[in-house]
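Below is one structure, written out as structure tokens, with a few remarks after it.
Computed from the coordinates by the stated procedures, all read-outs in this text should not be read as laboratory data. Small disclaimer: the values here were computed from a predicted structure and weren't measured. Here Cβ is always computed from backbone atoms with ideal geometry, including for glycine, and neighbour counts include all displayed protein chains.
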Amino acid sequence: MDQVRIHGRGGQGVVTASELIAIAAFYEGKKAQAFPHFGVERSGAPIRSYARVSNEPILTRERVYKPSILVIQDHTLITEDPSIIEGADKNTYIIINAPTSYQLAKKLPSKKIYFSPATEIALNIFKKNIVNTVILGALAKHTKLISLDSLKKAIKEKFQDKGKNIITKNIKAVTLAYNQKV
């Protein structure tokens with residue numbers, strides 16, 4: 001079973017990111033679950049969400065304490081709250097929304113650290129720092145947990161009520177992140 005923990009800030013789509021992972025996994029015939037964990041909801045506050053993906057039924061409902069994949073949608077959270085890397089080890093995939101020269105990566109426990117210019121892509125496409133779909137493009141590329149095609153289908157399903165323009169922009173964002181040479 002793959003366990004994903006996503007860290008970000010309120011307004012960045014942290015909860016939606018975990019839901020998209022689960023939907024994409026369903027499209028691939030896998031079992032999945034997604035759920036949030038946060039305190040007082042407010043824009044900018046630290047938030048985390050979780051997803052699990054497996055070929056077998058998922059019986060556990062607890063938080064993810066030992067992630068196989070750790071997604072950090074805002075790299076400043078690493079210095080603000082070093083506990084966000086708890087449970088990660090040398091085999092944990094860590095996907096960080098940060099410039100590739102980001103220095104704190106040297107202090108992270110994993111040897112599988114990947115960077116995504118998610119903020120840059122989000123600002124270019126959405127004109128806002130909503131990086132959830134963007135960083136999932138990097139997750140799909142580097143971890144192979146879900147495919148880009150399944151992620152695109154999940155976006156179409158999740159955002160069908162928001163209109164074709166939003167769907168098109170999100171698919172463009174995940175595709176750009178997936179194709180980044182980072």
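General remarks:
- Cβ-to-Cβ counts within 10 Å put Lys152, Lys112, Lys127 in ascending order as Lys127, Lys112, Lys152, the fewest first.
- Entry for Rg and Dmax of the Cα atoms in Å (calculated from the structure that is shown) out of [x] 14.9, 42; [y] 22.1, 83; [z] 19.0, 75: [x]
- Sequentially through region 44-57, phi angles give Karplus couplings (6.51, -1.76, 1.60; θ = phi - 60°) of x, 6, x, 9, 9, 9, 9, 9, 10, 9, 8, 8, 10, x Hz, Gly and Pro residues having no value and appearing as x.
- Relative protection proxy for 5-11, 131-137, 144-150, 79-85, from highest mean packing down: 131-137, 5-11, 144-150, 79-85 (other beta-carbon atoms within 10 angstrom).
- Measuring r between the beta carbons of His37 and Lys128 and using R0 = 30 Å, the FRET efficiency lands at 0.80.
- Highest to lowest packing among 91-98, 14-21, scored as the average C-beta count within 10 Å: 14-21, 91-98
- Value at 222 nm in deg cm²/dmol, rounded to 500, when DSSP H runs of n ≥ 4 in the chain each add -39,500 (n - 2.57): -11000 deg cm²/dmol
- Highest mean packing first, where packing is the average number of other Cβ atoms within 10 Å per residue, the peptides 69-76, 30-37, 58-65 line up as 69-76, 30-37, 58-65.
- Of all DSSP-defined beta bridges confined to region 2-178, some 55% are antiparallel rather than parallel.
- Value of Rg/Rh across region 124-182 [Cα atoms, Kirkwood radius]: 0.95
- Taking 0.36 nm per residue of separation and subtracting the Cα-Cα distance, full extension of the segment from Asp161 to Asn179 would add 3.8 nm.
- As a length-normalised measure over Cα pairs under 8 Å and 6 or more apart, the relative contact order of region 2-178 settles at 23 percent.
- In this structure, Asn55 and Thr79 have a Cβ-Cβ separation that, at R0 = 35 Å, corresponds to a calculated FRET efficiency of about 0.40.
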